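Encoded as structure tokens, the structure appears first; notes follow it.
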Amino acid sequence: MYYRYVLKELRHHRHRTLVNVLGIAVGIALFVSINAVSTAYQKAVSLPFKNLGADLVVQRAEKRAVDSSLPAPSMRGIRLPFSNQILSSHDLEKLDAVPGVDAMAASLLLWEFDRGGFRTIMGVDLNQPSLGPVKVKEWLAKGRFPNGKGEVVLEKHYAKFHQLQLGDQTIIGGLSFNVVGLLEIKEGSQIASANIYLPLADAQALMEKNTGGVNLVYLRLKNPSLLNETKTHIIQNLPGVSVTSSDSFLEVMGGVSRISDQFALVVSLVALGGAVFLIIKTMIGNLVERSQEIGILKAVGWTGFDVQKQLIGEVFLQSLLGGVGGILAGYLISYLLGYLSIPVSTPWEVNLLPAFAKDKAASAQTIRLPVSMSAGLITASLSLSLAAGGLASYFMGRRMAKMKPVDILRRL
């Protein structure tokens, strides 16, 4: 292969070269950006669980949630949420014995209705520092996390609204608590978002019937790929409980998530296929235009194999340039799309607000797309670009094999 001739030929036909390089770059850019955004979408809906270090959340709804004929409970004072009733010690033993569970943490979520309005209270287990709502201590803006009785941490917007600061006293369920910290909920952590956080024992003491119970259990699995099997096992062995995972968020979000998950690769491959088809057609057309040149090369001693190697070199270089350009363009598009925000809907059973019932299905929180470029995506994109060039080379080789130098030279 004559490398200097390859470069001279590409420079001489720079407009044709530019069209081919841009064609590949456009296809690769679409492939990169579509797949990067699809992956970011999946990451976005998994953020609520990732930020808590959990794979599953287990709850039990009150009977009225499934039987509307039962009388409505009192909405005064402190009460359990509709979808978070007490899980018995027997339930906890069964959950702890579920195959594949690596760690388990329990919390107690309470609602309080009083003259000052409504607020959510989360009692966290300090003995499991890396799982469940206790991880909000990593998001402290001021102060510290409670380490003793009678201490609470407040969400900073709630504290600002009620004009509470570090060292102030706040009344919860008729009891006085000292504010020792303020925190800001991390983006995408709506299933752990409460107004007040305190030790689990203090939260249990707020209930009229102090059962020492919990109503939220967070599970981390040894092998996340067995998530669906674990969910099925829990539902079969603990009748009446609900098991929520990141898949539940995708189900609530409906068609958009399914399209993103199932068709992103197909759409990007179709875009790339269209670019490859355009490139092959353009290059074969160029081959016809260069027929006189090829005839002269063969007449001066070049073999068909020499000519084919030369054409392959040109196509390879164009494919490489197009692939690198497409990856850079795809990265730029993905980077800009990372500034977009999307609503991540919350299944009603893990929504902490009482205003949402089954018929309203979900609430939504807007978060930025966590777009990033993986080494695997870059490798796949560059491989596809070179494969497109190889395909074009194959069809050009077949077309060139049918070209006879004698016939070409007769037309000169």
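The values are calculated or read from the model by the stated rules, or taken from the named source; none is laboratory data. Fair warning: this is a prediction, and the values are worked out from it, not measured in the lab. Note that each Cβ is placed from the backbone with ideal geometry, even for glycine, and that neighbours are counted across all protein chains shown.
Structure data summary
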| read-out | value |
| --- | --- |
| Residues of the stretch 98-144 satisfying the condition of being without any contact (Cβ under 8 Å) to a residue 60 or more places away in the chain, touching a Gly at 6+ places or on another chain (Cβ under 6 Å) and outside any strand (DSSP E or B) | R144 |
| Only one of A44, A40 that is of a type outside the set (F, W, Y), at negative phi and at pLDDT below 75 | A44 |
| Residue in the stretch 324-344 that is modelled with pLDDT under 80, of a type outside the set (V, I, T) and part of a helix (DSSP H, G or I) present | yes |
| Lone unmet requirement of (1) in a loop (DSSP other than H, G, I, E, B); (2) out of contact with any strand residue (DSSP E or B) (no Cβ under 8 Å at 6 or more places or on another chain) for K94 | (1) |
| Residues located in the stretch 198-233, provided they are modelled with pLDDT of 85 or more and β-branched (V, I, T) | V214, V217, T230, T232 |
| Sole residue being free of Cβ contacts under 8 Å to residues at least 24 places away in the same chain and farther than 22 Å from M104 by Cβ, chosen from K149, K160 | K160 |
| Helices (runs of 4 or more DSSP H) fully within the stretch 145-246 counting 3 or more residues that are exposed (fewer than 14 other Cβ atoms within 10 Å of the Cβ) | 156-161, 227-237 |
